[in-house]
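In what follows, a structure is listed as structure tokens, so that the remarks can point back to it.
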Amino acid sequence: MAFYCIGDIHGKFPELAQVLSELPIGAQMVCVGDIGLGFSDSQSPECLVEVDTVASLRGQKVWLIRGNHDDPDIWLRRRSEWNAALQSVRIPADIHRMKVDNIHVMMVGGGTSLDRSHPDRVEGQTWWKNEGVSTAAPKQVELMVEAYGRADILITHAGASEAMPSLERDKETFDHYADVDPTLAAEVKAERELLSQIVQASQTSTTAFGHYHVSLESNNGPIRYRCCAELEAWQYAKRSVLPQLPSLGESATFS
């Protein structure tokens, strides 16, 4: 079964439906946040009917994690209502673990908006104060690993400190909002450090995320970091743990 991560949606639901129509029948996928749920035109499950219909016809399953451009209330208190109205689109708990074939998947939602002080961001309508990653997440992920084993892939909205693009990428934005939002840079830095703790707790070798709107892969030690661009469908394939095959003329011993 093919497994994909899809970059930020930002309310482009017809475009998401088109992406699904081009992916394999029976595929499963996780949208990495910034779905665009909770805004004036996306306050009920009806906004996802086209996406749900395409996924259902193709035997696909679509999981939506929360980004900074999503109303946390939908994930924290209203997901049962949304899930009851949809067949193939699922809204999981903010911290969720599942198995897709032989792939152990961990998902952690949340993220901090760089533009939270912009005049167009209105608290409770287009910006939500509790948008960030839960500080309890590292411990919860650690407990899940103790109970069920390590994650093959961790999916979040923003990236950890070690991931690219780096924090330096947002310096111009921090400077722009410095007078009206003086704690922004420190809070974003702290959140990326929190995500680093989550990566370590998950014991994963691959983490996928969005938020930065670029298609980029980087490595730090044994961990691969994959940033998905907007609406990009990136396929994850579990890496083999079989021993390396011997070269010609050599013999192999397996214990």
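The values are calculated or read from the model by the stated rules, or taken from the named source; none is laboratory data. Note that the structure is predicted; figures quoted are calculated from it, not measured. No Cβ is skipped: glycine too gets one built from the backbone with ideal geometry, and neighbour counts run over all protein chains shown.
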Check your understanding: Restricting to segment 20-57, what's the tally of residues that are surrounded by fewer than 21 Cβ atoms within 10 Å (Cβ to Cβ), among the small types (G, A, S) and in a helix (DSSP H, G or I)?
Key -> 2
Practice item. Considering only residues that are basic (K, R) and at pLDDT below 95, look in segment 205-245 and name the one that is nearest to I103 (Cα to Cα). Key: K238
Exercise for review: Considering (1) touching a Pro at 6+ places or on another chain (Cβ under 8 Å); (2) in contact (Cβ under 8 Å) with a residue 60 or more places away in the chain; (3) assigned to a helix (DSSP H, G or I), say which one R66 fails and leave the rest.
Suggested key: (3)
**Study point:** Test for V100: is it touching a Lys or Arg at 6+ places or on another chain (Cβ under 9 Å) and farther than 22 Å from A158 by Cα
**Key:** yes
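With the requirement that a residue be of a type in the set (V, I, T) and touching a residue at least 24 places away in the same chain (Cβ under 8 Å), what does segment 99-138 give you?
First, the residues of segment 99-138 that are of a type in the set (V, I, T): 100, 103, 105, 108, 112, 122, 126, 133, 135.
Matches in segment 99-138: V100, I103, V105, V108, T112, T126, V133, T135.
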Practice item. Kindly list the number of the only condition in (1) within 19 Å of the chain's Cα centre (by Cα); (2) over 17 Å from G33 (Cβ atoms) that fails for L194. Key: (2)
Practice item. Output yes when any residue across segment 165-182 is of a type in the set (V, I, T), closer than 27 Å to I6 by Cβ and part of a helix (DSSP H, G or I), and no when none is. Key: yes
Exercise for review: Specify the residue that is surrounded by the fewest Cβ atoms within 10 Å (Cβ to Cβ); the eligible residues are those in segment 139-173 that are touching a residue at least 12 places away in the same chain (Cβ under 8 Å) and among the small types (G, A, S).
Suggested key: G149
Practice item. Hey, can you tell me all the residues within segment 174-216 that are at positive phi and surrounded by 19 or more Cβ atoms within 10 Å (Cβ to Cβ)? Key: H211
